[in-house]
Amino acid sequence: MKQKSVFVIALILLARAVAFGQHDPKALKEWQDQKYSMFIHFGVYSVLGGVWQGKPSYRNVSEQIQAHAGIYSDEYERVAKTFDPEKWDPDAIVSLARQAGMRSIVITSKHHDGFCMFKTATTDFNIVDFTPYRRDLLKELSDACKRGGLKFGLYFSLIDWHFPQASPISGSNSDYITPEHFEFNKKQVTELLTNYGPVSELWFDMGSQSPKESREMRDLVHRLQPDCMIGSRIGNDMGDFNVMGDNQEPDYVIGVPWQSPASFFDETWGYRSFQKRGKEEDKIREKLASLIRVASRGGNFLLNIGPKGDGTVVEFERNVLLAIGKWLDKNKEAIYGTDPDPFHIPFKWGSLTSRPDKIYLHLMSRPENNQIFLPGLTGKIKGIRILGTNDKPKYSQNASGVRITVPAGLRIEEAYQVLAIDFSNGYYVPPANILSNAQGTLVLDGHNAFKHYSSSGVDYSNRYQSTVKESWTLHPARNETLVPVIYFTANEKGRAIDLEIGGKISVVRFDGGDQERLNAGAAITWGPLYQSGQYYSGPGGVHGNLKNIDVTKPWPEDKSPVWTRKDSWKNGESFEVPMDKNSATYLLQEIESDKDQPYLVGITSGDAVTVSLNGQVLAEHNNPFKEKEMKDLVLLPLKKGKNQLIVKFYNGFQKSSTIGISRDVEQVIYKKQLKPLQVEKGKYYPFSWQLHDPYSPHTTLNIPNVRLELVPGK
């Protein structure tokens with residue numbers, strides 16, 4: 001039953017949290033169970049409301065108006081001296097959050113402008129010493145949260161435009177943090193975690209720290225407050241939880257604790273006086289739908305408000321929050337403390353959340369013909385109910401699943417409705433990515449895996465979607481003995497994985513093993529190298545379609561340049577090419593093979609690399625320690641005829657990047673035979689792998705050449 005699997009997953013997550021440095025793993029579970037919290041962007045910028053010298057600043061978010069409207073520091077200080085939020089009422093804010101159904105508050109202790117909303121010994125540029133308000137706003141809100149029973153969290157910008165030794169302001173939000181700036185930040189973080197009681201989470205933002213600095217900051221936070229959860233924007237994969245991009249709701253499985261930060265409007269987080277707000281009922285449905293989807297996928301939803309400069313909450317935002325709170329009063333059991341959607345298929349009518357003995361169906365649109373079918377769902381149903389009513393929909397159940405008839409009079413169009421299915425002793429849902437051994441030997445690798453993601457990167461600009469786990473489910477076609485054989489290359493040597501076979505986990509180290517030489521060489525013809533133009537980019541993903549590219553035509557768009565043939569560039573050599581920061585270039589090479597066969601190539605790259613063959617991505621990773629260059633071996637599954645090898649080379653920090661492709665590498669793979677597994681027809685056997693003792697829970701697997709073959713035994 002699902003209850004057991006959820007318990008096992010929870011134990012694994014808690015164990016990894018302990019290994020990573022979270023002193024009390026219960027804090028992780030408590031944080032995850034909150035599901036819904038209030039974010040508050042409040043500061044000097046709130047006084048301006050997005051307007052400077054009588055002109056609205058449309059260029060960017062209002063909380064960054066100092067940079068985007070070009071306000072000199074002395075002029076901004078004069079604005080700060082007028083900051084007097086006399087109508088700010090911390091108890092009223094806590095009351096609003098409670099009525100909205102939120103379980104914690106996270107407020108900007110310091111944004112990029114460097115203005116501190118708390119009393120600090122590090123600078124007089126703070127709300128107590130620099131303004132007529134002269135009160136410690138954070139202390140009062142912390143005390144109000146205690147009185148109101150809410151968790152108290154803090155946003156802290158690593159960028160500080162008021163700090164004298166800070167780097168010049170750039171447009172990347174990933175400015176370099178100097179050693180002096182880092183020490184300054186540490187002093188302020190120490191104050192925040194010493195003087196304001198328990199802090200549930202510390203939400204770092206922006207700036208670019210070294211791996212050593214991010215680790216040192218993480219250790220400082222955990223030493224001062226072991227239960228304080230750290231957001232991933234601390235950089236260098238040192239966060240306890242993964243913060244998604246602004247207003248991002250993933251449609252994929254995330255294998256670590258995560259949070260989705262959301263603003264009321266995409267244009268801003270801080271108060272914007274000229275914001276077009278639209279209809280309240282539209283915004284209610286929009287933000288409630290986001291909350292449901294995030295909870296359904298296992299995340300926490302952090303919804304922001306931007307108070308005015310006098311401390312009052314915008315009425316539009318207040319009304320939306322209160323309406324969501326009323327919906328939660330009726331449907332709260334389907335949100336707080338729930339598990340994700342147990343199915344791995346989308347439903348057009350809405351989303352699902354779950355508990356070990358319950359499944360909640362969030363109806364966000366009317367199902368076709370008022371019928372809902374949940375395929376493969378088994379378990380003794382005690383009943384189905386509509387939350388907040390006495391209605392009990394009709395249903396039927398058989399071996400193929402459960403069918404529910406939604407009452408025609410249920411007003412889904414007016415308000416989202418929730419159906420709760422109650423089970424007597426748990427339930428079972430078919431697992432994801434079911435594979436059969438009907439055709440003999442079954443191969444499990446990254447190409448047919450179900451992927452579990454996080455986000456990995458050194459800072460805000462240099463991060464990408466990392467793969468932290470890959471899984472499969474074997475559904476045997478017959479009773480037999482299977483012999484697992486794992487294959488790897490020199491690229492994976494020295495590393496280890498936690499390998500799950502049939503539900504049992506063991507550590508497999510990539511060392512030793514029997515050698516096999518690849519049957520390649522003279523039957524392969526290598527074409528010339530072509531280089532693309534330079535494109536602004538992040539470290540992950542590619543710019544366009546990588547299949548069947550015509551090098552004589554523009555790519556990736558009609559207005560792009562054509563590929564440049566590099567006759568002087570040869571395989572086996574690497575080349576230093578000038579590149580802008582946060583940009584990428586591509587190498588393309590055509591390979592003619594007289595048969596289907598594997599072939600190992602060497603790749604030399606800089607800050608990140610993506611390797612693809614015939615449009616399929618084979619390997620992708622960043623450069624977490626900012627080494628001068630990286631070396632990879634990638635196994636190419638060449639097909640008979642023409643193949644296109646395309647490599648994206650990303651530069652995040654340097655003025656140039658090293659790029660190169662080499663075919664002159666030893667064509668050897670290694671294999672290890674593992675303990676045989678007895679399987680029975682019709683049962684399900686889970687398989688998975690993830691890194692053993694990774695640098696962090698967010699580190700990508702980067703084992704592109706590993707495959708597991710399940711060979712029928714004799």
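Among G255, G231, G245, G235, which is without any contact (Cβ under 8 Å) to a residue 12 or more places away in the chain and under 30 Å from F450 (Cα atoms)?
G245
I'm trying to understand the selection: among the residues of the range 121-154, which are over 33 Å from the mean Cα position of the chain (by Cα) and hydroxyl-bearing (S, T, Y)?
T122, T123, T131, Y133
Look at N60 and say whether it is in contact with a His (Cβ under 8 Å, 6 or more places away or on another chain) and polar (S, T, N, Q).
So N60 passes the test.
Given (1) surrounded by fewer than 22 Cβ atoms within 10 Å (Cβ to Cβ); (2) modelled with pLDDT of 95 or more, where does Y464 come up short, assuming only one miss?
(2)
How many residues are crowded, with 18+ Cβ neighbours inside 10 Å and either without any contact (Cβ under 8 Å) to a residue 40 or more places away in the chain or within 25 Å of N425 (Cβ to Cβ) (or both) if we restrict to the range 357-377?
9
When K469 is evaluated against the numbered criteria (1) charged (D, E, K, R); (2) within 21 Å of the chain's Cα centre (by Cα); (3) surrounded by fewer than 15 Cβ atoms within 10 Å (Cβ to Cβ), which criterion, by number, is the only one it fails?
Every condition holds for K469 apart from (3).
Pairs only if they're at least six apart or on different chains, beta carbon under 8 angstrom, first in the range 656-667 and farther than 16 Å from Y530 by Cα, second among the β-branched types (V, I, T); list them, first residue then second.
Final answer for the pair search is S656/V577; S657/V577; S657/T585; V665/V601.
Within the range 549-568, restricting attention to residues that are touching a Pro at 6+ places or on another chain (Cβ under 8 Å) and in contact (Cβ under 8 Å) with a residue 24 or more places away in the chain, which residue is surrounded by the fewest Cβ atoms within 10 Å (Cβ to Cβ)?
This residue is D567.
With respect to the numbered conditions (1) surrounded by 13 or more Cβ atoms within 10 Å (Cβ to Cβ); (2) charged (D, E, K, R); (3) in a loop (DSSP other than H, G, I, E, B), which one is the sole condition not fulfilled by K382?
For K382, the exception is condition (3).
Here are S170, S142, S157, S174: which of them is surrounded by fewer than 16 Cβ atoms within 10 Å (Cβ to Cβ) and polar (S, T, N, Q)?
S170
For residues that are among the aliphatic types (A, V, I, L, M) and either under 19 Å from P346 (Cα atoms) or in the same structural domain as A295 (by TED's automatic domain parsing) (or both), tally how many sit in the range 356-399.
Adding up the residues that qualify gives 7.
Do you know which of the residues in the range 591-618 that are surrounded by fewer than 23 Cβ atoms within 10 Å (Cβ to Cβ) and small (G, A, S) is nearest to S656 (Cα to Cα)?
G602
For the range 620-635, which positions are crowded, with 23+ Cβ neighbours inside 10 Å and among the hydrophobic types (A, V, I, L, M, F, W, C)?
V634, L635
Scan the range 320-379 for residues that are on the phi > 0 side of the Ramachandran plot and either in a helix (DSSP H, G or I) or hydrophobic (A, V, I, L, M, F, W, C) (or both) and report the count.
2
Can you tell which of S109, S104, S142, S95 is touching a Lys or Arg at 6+ places or on another chain (Cβ under 7 Å), small (G, A, S), at pLDDT 95 or above and under 30 Å from L288 (Cα atoms)?
S104
Have a look at G503, G512, G533 and point out the one that is at pLDDT below 95 and over 32 Å from the mean Cα position of the chain (by Cα).
None of the others qualify; the one that does is G512.
Kindly indicate whether V61 is without any contact (Cβ under 8 Å) to a residue 40 or more places away in the chain and surrounded by 18 or more Cβ atoms within 10 Å (Cβ to Cβ).
So V61 does not fit the description; no.
Would you confirm, using the coordinates I've provided, whether S290 is farther than 25 Å from A69 by Cα, among the small types (G, A, S) and not in a helix (DSSP H, G or I)?
no
Can you pull out every residue in the range 406-439 that is in contact with an Asp or Glu (Cβ under 8 Å, 6 or more places away or on another chain) and under 18 Å from K394 (Cβ atoms)?
P407, L410, A420, D422, F423
Taking S172 as the residue in question, decide whether it is more than 26 Å from K81 (Cα to Cα) and either modelled with pLDDT under 95 or part of a loop (DSSP other than H, G, I, E, B) (or both).
In short, yes.
Only one of V199, V128, V189 is touching a Cys at 6+ places or on another chain (Cβ under 8 Å) and either in a loop (DSSP other than H, G, I, E, B) or modelled with pLDDT of 95 or more (or both); which?
The match here is V199.
How about the range 302-326: which of its residues are within 19 Å of M102 (Cβ to Cβ), surrounded by fewer than 20 Cβ atoms within 10 Å (Cβ to Cβ) and of a type outside the set (G, A, S)?
Residues satisfying the conditions are T312, V314, E315, F316, R318, N319, L322, K326.
Name the single residue that is nearest to N491 (Cα to Cα) among those in the range 515-530 being surrounded by 17 or more Cβ atoms within 10 Å (Cβ to Cβ) and at pLDDT below 95.
A520
Of all residues in the range 536-583 being basic (K, R) and within 22 Å of Q465 (Cα to Cα), which is nearest to the chain's Cα centre (by Cα)?
My answer is K581.
What's the number of the condition P211 fails, among (1) in contact with a helix residue (DSSP H, G or I) (Cβ under 7 Å, 6 or more places away or on another chain); (2) closer than 23 Å to K626 by Cα?
Going through the list (1) in contact with a helix residue (DSSP H, G or I) (Cβ under 7 Å, 6 or more places away or on another chain); (2) closer than 23 Å to K626 by Cα, P211 breaks only (1).
Could you list all residues from the range 560-591 that are among the charged types (D, E, K, R) and either more than 13 Å from L529 (Cα to Cα) or assigned to a strand (DSSP E or B) (or both)?
R565, E576, D580, K581, E590
The values are calculated or read from the model by the stated rules, or taken from the named source; none is laboratory data. Fair warning: this is a prediction, and the values are worked out from it, not measured in the lab. With ideal geometry, Cβ positions are generated from the backbone for all residues, glycine too; neighbour counts draw on all protein chains shown.
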